[in-house]
There are 2 protein chains.
Amino acid sequence: MADQTPSGESLLFLTDEQLRKGIEAMFFAYRGFTADPDRILEGMDYGRAHHRAIHFIHRSPGTTVSNLLTILGVTKQSLNRVLRTLVEDGLVEARVGRRDKRERHLHLTPKGQELERELSDAQRARMRAAYRAAGPQAVAGFRQVLEAMMDPELRRQYQGLKESGA
Amino acid sequence: MADQTPSGESLLFLTDEQLRKGIEAMFFAYRGFTADPDRILEGMDYGRAHHRAIHFIHRSPGTTVSNLLTILGVTKQSLNRVLRTLVEDGLVEARVGRRDKRERHLHLTPKGQELERELSDAQRARMRAAYRAAGPQAVAGFRQVLEAMMDPELRRQYQGLKESGA
DNA sequence: TTGGAAAGTCAACAAGGCTGACGTAACTTC
DNA sequence: GAAGTTACGTCAGCCTTGTTGACTTTCCAA
């Protein structure tokens, strides 16, 4: 959809100048996007990597370590460092799999859920303000462009996650 | 603007679930956004930090070090390390200011411009594909939401940069 | 002339990526 | 039941990119 370009001038939105603005918008917006959780995390012993792990464990409770590895796109050594501290500090529980005992199924503890909520409340508040300011139609466009910007493999991850909640 | 919500159900786009999707879209899209330059840079001695410096020097030739500091939001020690290697390698030229000789005005050398073009060609290609797939209206929404998501100070940076080219 | 801004530099450190190698338990296949 | 594979953890070492703190040089401006 949205492929009809009735006249040549509709392509003005594809000029290098327009693209550069989009690139810089991504850069500055991503700074804002991570700013609130970063602020909350600093002072604690955690960083952005812990936030990501917590987010996706909350998002998909019971997910395995290797699932998380492919979603986050880091090495197991890197993820393990993060996960270990979260388990040690009692924010994440790693339950041995029932069918396959090699797997560890990850869950947030109540304490972990509390931090998750604090972080996502902050991040959602900013998203909500931005969404409200821009309006529903802009939001739809926002999501379309972002989705088109993903690597195909990541897009599948995103879409797979997108509806799996219900 | 865009605040008219004729009926309650227009606010459906502000549910926590919608916001979570937006958050994950940002996460995955940003990975795609940086993937191509990262690929080009790996193997060279440069990283994402060098790319950012090169981008903004290209964008605002003659900009000073402290301008760059506020735009990039890093410490001068961190930026200096990047800038030093770029100057040593002959990609960036730091000209002593004529009015204020304390300032260094930064320019890309032909060699620097060559790398800049390679990097931004890759990044623009992805943006262009995403823009084309989503269409002009979606692009407008995309930019609106991103702009609303920035910190006010960063938004001023962005907007200040936005038109200064012509 | 003096205060302070702009720039650069040295040193030390931390977060969070990476690779490589190795170990162990558990599942799968022959 | 032996052999191979998978999932996970861990040790060691390295890199990039961020941080703070302390210090110097230059030089504009009050």
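The table that follows gives values for the structure above.
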{"item": "Label point 7 Å beyond Cα along the C-beta direction, distances from A:Asp89 to other copies (nm, shortest first)", "result": "3.6"}
{"item": "Nearest-first distances (nm) between copies at B:Thr109, label 7 Å from Cα via Cβ", "result": "5.6"}
{"item": "Nearest 10 degrees, 0 to 90: helix A:16-41 Cα axis against chain A principal axis", "result": "30"}
{"item": "Residues of the stretch A:65-86 with amide N under 12 Å of a point placed 7 Å along Cα→Cβ from A:Lys101", "result": "none"}
{"item": "B:His105 long-range amide H proximity, modeled H, under 5 Å", "result": "B:Arg95, B:Val96, B:Gly97"}
{"item": "Aspartates and glutamates whose Cα lies under 14 Å from that of A:Lys76, excluding same-chain neighbours fewer than 8 positions away", "result": "A:Glu103"}
{"item": "Label geometry 7 Å along the beta-carbon vector: A:Thr70 inter-copy distances in nm", "result": "4.7"}
{"item": "Tilt relative to chain A, helix A:76-88 - C-alpha long axis, 0 to 90 degrees, to 10", "result": "60"}
{"item": "Pairwise Cα inverse-distance average, inverted: Kirkwood Rh of the stretch A:29-124 (Å)", "result": "13.6"}
{"item": "Inter-chain shielding of A:30-36 (mean C-beta neighbours from other protein chains, 10 Å cut-off)", "result": "6"}
{"item": "Solvent accessible area, Å² - B:Leu68, 1.4 Å probe, full protein context", "result": "0"}
{"item": "In Hz, Karplus ³J(HN,Hα) per residue of the stretch A:93-102 (6.51, -1.76, 1.60; θ = phi - 60°; x = Gly, Pro)", "result": "10, 10, 8, 5, x, 7, 7, 10, 6, 6"}
{"item": "Extension reserve of the B:Asp38-B:Arg84 stretch, reckoned as 0.36 nm per residue once the Cα distance is removed", "result": "14.5 nm"}
{"item": "Between A and B, accessible area buried - total, square angstrom, nearest 100, 1.4 angstrom probe", "result": "6500"}
{"item": "Relative contact order [Cα under 8 Å, 6+ residues apart], chain B, whole percent", "result": "21"}
{"item": "Percentage, to the nearest whole number, of Cα pairs in chain A over 24 Å apart", "result": "47"}
{"item": "Extension reserve of the B:Thr70-B:Asp16 stretch, reckoned as 0.36 nm per residue once the Cα distance is removed", "result": "16.1 nm"}
{"item": "Per-residue mean of C-beta atoms belonging to partner chains within 10 Å, peptide B:107-115", "result": "0"}
{"item": "Angle in degrees between helix B:152-163 and the longest Cα principal axis of chain B, rounded to the nearest 10", "result": "70"}
{"item": "Quotient of C-alpha Rg and 2.2 N^0.38 Å, computed over the protein assembly as shown", "result": "1.08"}
{"item": "Ranking by accessible area, most exposed first, for A:Arg95, A:Arg59, B:Arg98 with a 1.4 Å probe", "result": "B:Arg98, A:Arg95, A:Arg59"}
{"item": "Selected from A:Pro61, A:Pro136, A:Pro37 as most flexible by GNM, with chain A as the system and alpha-carbon contacts under 10 Å", "result": "A:Pro136"}
{"item": "Rounded accessible area per residue of chain A, 1.4 Å, Å²", "result": "53"}
{"item": "Over the stretch B:38-121, relative contact order from alpha-carbon pairs under 8 Å, at least 6 apart, %", "result": "32"}
{"item": "Area of A:Glu93 that stays accessible when all protein chains are in place (1.4 Å probe, Å², to 10)", "result": "80"}
{"item": "Minimum Cβ-to-axis distance in chain B for the rotation onto chain A, with residue, whole Å", "result": "B:Gly141, 1"}
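The values are calculated or read from the model by the stated rules, or taken from the named source; none is laboratory data. For clarity, every value in this text was computed on a predicted model and none was experimentally measured. Neighbour counts run over all protein chains shown; Cβ positions are idealised from the backbone, glycine included. Protein only, heavy atoms only, side chains kept; ligands, DNA and RNA dropped before computing areas. Shrake-Rupley method; radii C 1.70, N 1.55, O 1.52, S 1.80 Å.
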